[in-house]
Amino acid sequence: MTRWRVFRFNQIGKCSSRRPLLAGLCEPLIALAFPLTVLVAWHFATYGRKYALIPPPSDVGLALYDLAVGGINDDAFSTTLHIHLLASISRVFGGFAFAVAAAVPLGLMIGRIPLVRALLDPTFQLLRPIPVTAWLPLAMIIFGLGPRSAFFLVFLGAFYPVLINTVFGVRSVEPRLIEAASMLGCKATSQFFRVVLPARLPGIFTGLRLGLGFAWVVIVVGEMTGVQTGLGAIIMEARQLSRTEIVISGMIVIGLAGFISDRVVLLIGRRLLRWSPNHA
Amino acid sequence: MPDAVSPILELKGACKEFMLPGARIEALRDATLTVAKGEFVSLIGASGCGKSTLLRIVAGFEHASSGEALMWGMPIDGPAPDRGMVFQDYGLFPWLTVRGNIAFGPASRGRPASEINETVKRFIALVGLQRFADAYPHQLSGGMKQRVSIARVLANDAEVVLMDEPFGALDAMTRERLQDELLEIWQRTGLTVLFVTHSIEEAIFLSDRVIVMSPGPGRIDSEMRIGLPRPRDVAAADFNELRRELSLKLHSHLARKAA
C-alpha cells in the first residue's frame, strides 16, 4: 500500500515527478477538512434554535435543492435556479468577452506604441482606482435600470485586470527574442504576431483569469439594480423577504460557478501554454 | 550580391561608443578586419575588449559610431538572414518546438510549406535531434538547445554564422562534442564563421585565424594564423606551442600596463 507510486514521464524520458498515490488522494481530503469543520460548527450554532437569524446548513441544503429541482416549498423560488444561473453566466461571460475584446488590443497598443501609451495610459491610471461599485449610480443613469447596467459593470470589472496584465506583458518581451527574430528575417508587423504576442501569452492569460474572477465579484452588485433574473437578483429578493437560506444558496452557487469557470480558463491556458515550464 | 573583389565581411575603422549617464564608454576603437568566404575566425580577449560589440555590429544589432561594416562590399544596415547569430543564451522561442524553431526563419521569409518541411527535416537530422523534433526548449539540455540554435540559423540559408560564446554555458564534455560537430558542419557546408570565445584552447582548436583583442578601449591587438592540420590534437606539442604563444599575446597588454 505505502509502496504504490505513480511515475510520470515527459517526452524525453526524464522522470518529471514522482508523487505517491496516497498523497494524490489526500490532497482533496485535506482541502475538504476545513469547510466540513465550518459546516459542523455552523450546524451546532444554529440547529434547533427558534429565532436564529441564520438558518442551519440543512435548511440551506433543502432550499438549494428546492431552488434547483423544486418539490419542497413550491413557491416563487422553486425550480428557478437554472434561469438565474443562466442569466448570470451570460452576463458574466458577455461582459467578460467585451472586456477582453477591448482590453487585449488596447493593452497591446499601449504596451508597444509610445504615442498610444502617452495618450491613454495616464487616463487609465487615474480611472483605475475608482471601485466598480462607485460606478453603479452613473451606470444606472447612463444605461438605465436593468441588465445593461449589470453588463457594463461586469465589463468594467474585468477590463482593468486584463488591460494591466497585457500592457505589462508586452512591455517586458525579452530583447533577445526580438533580436533572434530579426536576424531570422522576421520584421515589424509579423514580429508582433509571431514573437511579441506568443511571448506574452502567459501574462495575458493571468489577466484573463483575474478579469473573469472580478466579473463574478461584480455580477452580484450589477444584478442588485432592479434586474429580474440573475443570482444577484435572487439574493436581493430573498433578502427583502428574509429568506436567508436562499441568500446563502445563491452565495454557494456563485462561488461554485466562479470556481468552475476559473478551472475552465485554467485548463484552456494549460493547453495553450504547454510550452511554458510555469504553466504545463 | 556576391562580388568577386570584395571579401565576404569587412570592417574599416569601426568605432562604437555608448553614452551612459555621466560617462562615455568606448566599446570599440578603430577595428579593421577582413574575413574571407569560408574562413573560420575567432575573436578572443578579456571581458570589455569589444569582441561582442564587434560581433553585434556585423550582425546589424548595433551600428558603428564611425567607420564601416560591409558584407560583400555593401554596408550592413540591420540584422538579416544572411548573417545568422548563435547566442550564448540560445534565444530560442520557448513556445515553439524544435521543429517550429527551425522552421521560424524560412516561414518568416514566406517559403512554401513543403520546402520548409523538407528543410526542417534535413537540419534536424544534421544536428541529430530527430527524437526531439516535437520537444519544447525547456525540455532540452543546454547542448541540445545550442544545436537547435545552430540548425535554425543554417536552415535559414545563413552565409555567415556569428557565434557569441556559444559553448560558454555548457559543460566540458558537451562543449567538446559540439566543437567537433561545428567543425564538421563548417567543413561540409563552406560556411564563414565569426566566433567569439574567451577560451584559448577553443580558439586554436577551431579557427583558421584568431583575432586577439584587448580592453580599455576595446580594440584589435594582433592576430594569429593557425596552420595546424585538422583534426587537431589539443595535447600535441605544436598545439601547446600555439597555446603558449596566444596566451602571451593575450596577456601582453596587461604586462605593458604594469610596466
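Every read-out reported here was derived from the displayed coordinates using simple, explicitly stated rules and does not represent laboratory data. All of these numbers come straight from a predicted model, not from anything done at the bench. Cβ coordinates were reconstructed from backbone atoms using ideal geometry, including for glycine residues, and neighbour counts include every protein chain displayed.
Restricting attention to the protein assembly as shown, lysine pairs at least eight places apart or on different chains and with alpha-carbon atoms under 19 angstrom apart total 7. Legend: mean number of C-beta atoms from other chains within 10 angstrom of residue C-beta atoms, peptide B:54-60, equals 1. As a length-normalised measure over Cα pairs under 8 Å and 6 or more apart, the relative contact order of chain B settles at 25 percent.
Label positions at B:ALA36 and A:ILE83, each projected 7 Å from the Cα along the C-beta direction, are separated by 9.0 nm. With respect to chain A, whose longest principal axis is taken over its alpha-carbon atoms, helix A:21-46 is tilted by about 40°. Potential lengthening of the chain between A:PHE192 and A:ARG176 amounts to 4.3 nm, from the contour at 0.36 nm per residue minus the alpha-carbon distance. Among B:98-104, B:122-128, B:195-201, A:211-217, the peptide with the highest mean count of other Cβ atoms within 10 Å heads the list, and the full ranking is B:98-104, A:211-217, B:195-201, B:122-128.
Taking the DSSP beta bridges with both ends in the protein assembly as shown, the antiparallel portion is around 60 percent.
The ranking of A:SER172, B:SER65, B:SER214 by Cβ neighbour count inside 10 Å, starting from the fewest, reads A:SER172, B:SER65, B:SER214. In a reduced charge model with +1 at each Lys and Arg Cβ and -1 at each Asp and Glu Cβ, segment B:93-158 shows a dipole moment near 100 debye about its Cα centre. Placing unit charges on the Cβ atoms of the charged side chains and taking the dipole of segment B:93-158 about its Cα centre, the candidate lying farthest along the positive direction among B:GLY105, B:ALA158, B:LEU129 is B:LEU129. Compared with the dominant Cα axis of chain B, that is its longest principal axis, helix B:172-189 is turned about 80°.
With helices as the sole contributors, chain A gives -23500 deg cm²/dmol at 222 nm; each DSSP H run of n ≥ 4 counts as -39500 (n - 2.57), and the sum is divided by every residue. Between A:ILE141 and B:GLN130, the FRET efficiency estimated from the beta carbon spacing at R0 = 41 angstrom works out to 0.05.
Spatially, segment B:1-67 and segment A:129-180 are offset by 47 Å when compared through their Cα centroids. Relative protection proxy for A:147-156, B:16-25, from highest mean packing down: A:147-156, B:16-25 (other beta-carbon atoms within 10 angstrom). The mean number of Cβ atoms from other chains found within 10 Å of a Cβ in peptide A:181-194 is 6, as a whole number. Inter-chain neighbour count for B:73-80: the average number of beta-carbon atoms from partner chains within 10 Å of each residue's beta-carbon is 2.
Computed per residue of chain B from DSSP H runs no shorter than four, each worth -39500 (n - 2.57), the mean residue ellipticity at 222 nm is -11500 deg cm²/dmol.
Using a cutoff of 8 angstrom between alpha carbon atoms and counting only pairs six or more residues apart, the relative contact order for chain A works out to 19 percent. In plain terms, the residue of B:SER47, B:SER141 with the fewest other Cβ atoms within 10 Å comes first and the most crowded comes last, giving B:SER47, B:SER141. All Cα-Cα distances of chain A, cut into 5 Å bins from zero to the largest, leave 1, 5, 9, 11, 12, 12, 12, 11, 9, 8, 5, 3, 1, 0, 0, 0 percent in each bin in turn.
Quote the FRET efficiency, to the nearest 0.05, computed for B:GLU115 versus B:GLU26 with a Förster distance R0 of 30 Å and r equal to the Cβ-Cβ distance. So, using R0 = 30 Å, E works out to roughly 0.05.
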